[in-house]
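Read-outs: derived from the displayed coordinates by stated rules, not from any lab. No experiment lies behind these values; they were computed from the predicted model shown. Don't worry about glycine lacking a Cβ; one is built from the backbone with ideal geometry, like all the others, and counts go over all protein chains shown.
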Amino acid sequence: MKASIFRFVLKRIALGLLTLFIVSLLIFAVTQALPSDPAEAMLGREATPETLEALRADFGLDKPIVVQYGNWLFGILSGDLGTSYATSIPVSEYIGPRVGASFFLLLIAAIGSIPLSIVVGANAALHRDRKFDTASSLISLILAAMPEFVVGTILTIVFSTTIWQLLPAVTYLEVGAPPWSDLQGLTLPVLTLLLAVTPYVARVMRAAMVEVLESDYVEMARLKGMDERTVLWRHAMPNAVGPAFQVIALNLAYLAGGVIIVERLFNFPGIGSALADAVRSRDLPVIQFLALIIAGVYILTNLLADIGTVLVTPRLRTRLK
Amino acid sequence: MSSTAGLRIVDLRLNVAATGNDIVDDINLKIERGRVLGLVGESGSGKTTVGLAVLSHARRGVEVAHGQIFCGDTEVLGLDNEAKRKIRGGLVSYVPQDPASSLNPALKIGMQLVEVLEAHDFGGSSEARKARIKEMMAEVLLPTDDEYLERYPHQLSGGQQQRVGLAMAFACRPSVIVLDEPTTGLDVSTQEHVLKTIRQLTRDHGVAALYITHDLAVIADLADDVAVMYSGRVVEQGEVTEIFKNPAHPYTRHLVAAAPDIASKKSIVGLAGRAESPGKRPVGCAFAPRCELAEDACRVAFPKMVPVGGRQAAACIKANQKASVAAGWAKTMSTRTLGEPAVELVSVSAGYSGNAVVHDVSLTIRKGECLALVGESGSGKTTVSRAIGGLHREWTGSIRLNGRELKTVARQRAVADRLAIQYVFQNPYGSLNPRRTVGDSIARPLIVDGKSKHDARRVVLDVLDKVSLPGPYANKYPDQLSGGERQRIAIARALVSEPEVLVCDEVTSALDVLVQAAIVDLLGDLRRQLGLAMLFVTHNLPLVRSIADEVAVMSEGRIVEVGMSESVIGDPQQEYTQSLISATPSIERSMR
C-alpha cells in the first residue's frame, strides 16, 4: 500500500520531468527562432556588421541550433544558467533573488487563498440560496470578471492614494533583500493575488460541496443521527476537496504567470518584472530560464494536486498496484 | 411503552414547500412491533416521502403540513432539531435504496458503523461498541474480523454493502425501521439472503418495519400487511393475503395483473395513462382518469376508506363490487413450429481488454419469435447483445444474419445489415438526444439515408402510430415525456429502419410495472405484426413467460440452459436455473 503510493508518485515525477523536457524544447525553439537578434537589440542601429558578428560569436549564436540547445540544456543541468545578455551578470545571480521574492509572494497568496476559498465555498453551499451564498456568489463573480490590474488599481486608490493613505502604492524592496523586510509594501500585491484566485476556487468548492451535500451518503449520515458538524467535516468535506484540489492547482499555476502584471503594477522586484525587462531587451538566457521556471510551477502544482486527489480518494488510492 | 406500539402515522400531509401542493395526504398507517408493512406504489407515488417523514426528515423543498407520527410513544414530527438527531438511528432507523451511494466512499465501514453507536451513546465504552459491531456483523452474516472493518465501501459487493446498511440500521436496537427498496438492484440470490436477514432481525428484535417497494412479489414474500399508494394517497390497505387474493381497489387489481410472477402462467396486463405529479392531480380520485369503473361521483371528492372485510379497506366507492382485470393467458407454443433462424450465434466468445467475460455462446433468434436472454448482473448477457448489434469490438466466433456472416463492429457492416439489426437501450432517459424533438430523433436514420424531409415526416407518423403514440408527439422534446413514452419513442426510432431483428436490452427495467406490462404488450404486437425476430435481454426472470417463446439462461459468461420458456421456467433441468427460480419471490407461491 505505502509502496504502491511511492511508486505512483515516482511515476508522476518522471512524467513531470518528461513534460518539462518537452517544454524546454518548445521554449528554446520559440525564443531562438524569433526573428529578432539580441546582438542588434543590444548594439542598436549604428552597429557595424563586424561588431554584431563578434557579439553573436560571443553569445554562441553562430553555432548550429542543436548545439546551442545542447549547451543550454547541459548548462542548466550542471547549474550554469548562462550570462544575461543585457546585464552581463550570471543569470543565476540576476534571477535567483527575484525567484525567491516571487515565490514568497505566491506562497503567501496561496496560504491565504486556499483555506479562505474552501471556507467561503463550503459555507455558501451550506447556506445555499440564502444571504451569505447570494452575497459571496455576487462578489466572487464581480472579482472574477475583473482583470488583476484593475483589482490592483482599485486597491491602490482605496488604500494608498485617493481615499486612505494607509499602505504604500509600490514596494520599496531592494533586489536581494529578503522579501519579508517590506511587509507593508507586500500587502497590496498579496491582496491583489488573493482576490484574483479566491473567487474561482470558492465557486468550484461551492459546486463540489453542493453536490456532496445532496448525495445519498450525506442524507444517510443525517438519518443515522450524526450532528451537523460531523456531517460537514467527516462526511462531506473529504469528498468535496478532491475536485477542489485540481482547480486550486490550476489557479496557483495561473498565478505564476499572472504575477507578472501584479509585480509590474506594484513595482515588486520579482520574476514578473524581470521577465518584462528581459523581453524588451531580447535577453534570451533570462527569458528562457524564467519560462522554464513558470512551466515548472505549472507542472509541480498539477503534480501535487493529482497526488493530493489520489490520497483523499480511497477508490483511487486502493486501485494503485 | 405498550408491547404492540410500533409505528403509528396519523393524518399525515406533506407539501411542496414552494407551492403548497400536496405530495402525500391523508396518510394513516399502523404497524405493530415485530410486523412488516409493505408500502407499495409506482415511482412518484410518495412512498419514500412518507418513509423519510417517519425519521422526521423532509428532503429539500418538502415540508410537513400536518399530521403526527408516533414511533413507540414518541411523536417525532414535533421534536426539536437535537431531539430529532437523537431518535434518528436510535429509536428509528433507515435502510436506503442504493447501498453503493449511501455509504460514504471516503470512510471505512468500521468507522461508519461505530459512529452510529457513538452518536447515540450506545455501549458505553469503546470495547463494548466494538463487541456490538461484531455481534451485528455476525447477525447480517458478514465477516467479523478487524481487517474487514478496515475496508472501504467500494471494496465490498452490492449485497455486502446492503448488509452493512442493515447492520448500521439495527445497531442501536431501534423500535421502528424504514427500509426503502433495499433490494432493488441486487441479484435475486443476494436479494433472497438480504430479505431473509430482514425478516429474521425484525421478528427477533420486535421491530416495526416499514418496507417500501414497487415489487409486489417481494411484499408477498416478506410483509404481513400491505398499503398501496397512488398519487400521494393510500388507496388500499390490509393483510397481505387479503390484498393479493382479493384486491378491492381497481388500481391494486391492475397492479397485481401487471406484476410478472415466476410461478404464474398468466401473462401480464398493462394500463394506459400515468399518475400526475403534485399540483396537476385531478380533483377527486386520482385514479379515475385511468379507471374503467369510474363515474361522475369519483371526480367530485377523494373517496373515503371503505372496509372490505377483515382488516382490509379501500378508498373506492366501488370497493365492494367484484370486478376483475381481464387476465391474459400465456400461449402454449408446443403445437406451433418455430420460425426460420434470423440471427445465429456460433461459439461467440467476448471480453474486455483481454479478460474473457463470454465463453462459447451459441444461440438462434428466429423470425417472428422472441428469445429471452436472462442472467444476473455480470453474467455477460449485455455483452452478447452488444456483439450482435455491432457495438462491442472484442469478440470471436461467428454471428450470421440470414446465413450471411456479420462483420465485428457496426461500422464495418454493410448498410443493409446495419439497418436490419436495431438496438433499444435500457435507459430511455439517456438514449434520446435532449436537444432534438423526438420526431427529429426518429427521422435521423432516414435523413442520413437521403430521404426528403417530407417523406421522413410521413414515415415518422407511421412508426409513432405503430408504437401507439399520437402524431403530435413528434414535436415534443424527451423531457416532456414520461419514462414509458420515451421507451416507446426509442422503439419507434428502431422501427423506422424497418429492421428484421430487434435487440432489447433491459428495456423495461427502468419502468414501473404497469408501464412495463404495456411495453411488453407492445413488443409482442410488433413482433407478430411485423414478423420481427427479437432478443429480449433481462435479469427479470418472471417477465420471461409474458414476452418470450424461448429462453436462454446465462451464468458467468456461459449459456447454462436453453429451451421453450414454458418448460425452462416450469420445469428447469439445470441446478443453476432451479436455484434462480426458487430464489425469485412470487405472489402465487406465497399465497398458496
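Please list log₁₀ I(q)/I(0) at q = 0.11, 0.12, 0.14, 0.23 Å⁻¹ for the range B:248-329, using the Debye equation with identical point scatterers on the alpha-carbon positions. After summing over all Cα pairs, the log10 values are -0.33, -0.40, -0.53, -1.16.
Hydrodynamic analysis of the protein assembly as shown uses the Kirkwood radius over alpha carbon pairs. Inserted into Stokes-Einstein at 20 °C and 1.002 mPa s, it gives a translational diffusion coefficient of 65 µm²/s. The Rg/Rh ratio of the range B:440-486, with Rg taken over Cα atoms and Rh as the Kirkwood radius over Cα pairs, comes to 0.98. Here the residues A:Arg229, B:Arg527, ranked from fewest to most Cβ neighbours within 10 Å of their Cβ, fall in the order A:Arg229, B:Arg527. Structural descriptor for the range B:149-295: relative contact order 16 percent, calculated from alpha carbon pairs under 8 angstrom and at least 6 residues apart. FRET efficiency for the A:Ala177 to B:Glu150 pair, using the beta carbon distance and R₀ = 35 Å, is estimated at 0.10.
Got the relative contact order for the range B:248-329 handy, in percent, Cα pairs under 8 Å and 6 or more residues apart?
Details: 101 pairs, mean separation 29.6, N = 82.
Taking the mean separation of contacting Cα pairs over the length of the range B:248-329, I get 36 percent.
For B:Val235, nonlocal amide neighbours, meaning residues 5 or more places apart or on other chains whose placed amide H falls under 5 Å from its own, are B:Val228, B:Met229, B:Tyr230.
What separates the Cα centres of the range B:349-409 and the range B:23-76 is a distance of 46 Å. Other protein chain C-beta atoms within 10 Å of residue C-beta, averaged over B:90-100: 2.
Would you calculate, for chain B, the mean residue ellipticity at 222 nm contributed by helices, counting each DSSP H stretch of 4 or more residues as -39,500 (n - 2.57) and dividing by all residues, to the nearest 500?
-9500 deg cm²/dmol
Residues within the reach of a label modelled at A:Arg130 (point 7 angstrom out along Cα to beta-carbon, backbone nitrogen below 19 Å), restricted to the range B:53-83, are B:57-64, B:80-83.
Could you estimate the translational diffusion coefficient of the range B:161-293 from the Stokes-Einstein equation, with Rh from the Kirkwood formula over C-alpha pairs, at 20 °C and 1.002 mPa s, in whole µm²/s? Answer, rounded: 129 µm²/s. Take the Cα of A:Val9, go 7 Å toward its beta carbon, and the backbone nitrogen atoms of the range A:306-321 under 18 Å from that spot belong to A:306-314, A:316-321.
For B:Lys451, a cut-off of 26 angstrom between C-alpha atoms picks up these lysines, skipping any fewer than 8 places away in its own chain: B:Lys466, B:Lys476.
Summary value for chain B: 15 percent relative contact order, contacts being C-alpha pairs under 8 angstrom separated by 6+ residues.
Students often get this wrong, so check it: of B:Lys86/B:Lys304; B:Lys84/B:Lys304; B:Lys245/B:Lys304, which have C-alpha atoms separated by over 28 Å? As for pairs spanning more than 28 Å Cα to Cα, those are B:Lys86/B:Lys304; B:Lys84/B:Lys304. Counting other Cβ atoms within 10 Å as a rough exposure proxy, the listed residues B:Tyr473, A:Tyr172 run A:Tyr172, B:Tyr473 from fewest neighbours to most.
Its convex hull of Cα atoms gives the range A:38-99 a direction-averaged projected area, equal to a quarter of the hull surface, of 4.8 nm².
Where a ≥ b ≥ c are the square roots of the eigenvalues of the C-alpha gyration tensor, would you call the range A:3-145 rounded, which needs a/c under 1.5, or, failing that, prolate if a/b is larger than b/c, or oblate? Note, shape of the range A:3-145 comes out prolate. Is the shape of chain A rounded, prolate or oblate, going by the alpha carbon gyration tensor and its root eigenvalues a ≥ b ≥ c, with a/c under 1.5 for rounded and a/b larger than b/c for prolate? Cα axes put chain A in the oblate bin.
Across all directions, the shadow cast by the convex hull of the range B:1-86 built on its C-alpha atoms averages 6.0 square nanometres. If the segment from B:Arg528 to B:Arg411 were pulled out straight at 0.36 nm per residue, it would be longer than the present Cα-Cα gap by 39.1 nm. Spherically averaged projected area of the convex hull of Cα atoms, chain B: 28.8 nm². Would you mind getting me the FRET efficiency between B:Asn427 and A:Leu20? Use the beta-carbon distance for r and R0 = 35 Å, nearest 0.05. Efficiency, from the Cβ-Cβ distance: 0.20. Each pair of Cα atoms in the range A:104-270 enters the Kirkwood radius, and Stokes-Einstein at 10 °C and 1.306 mPa s then converts it into a translational diffusion coefficient of 92 µm²/s.
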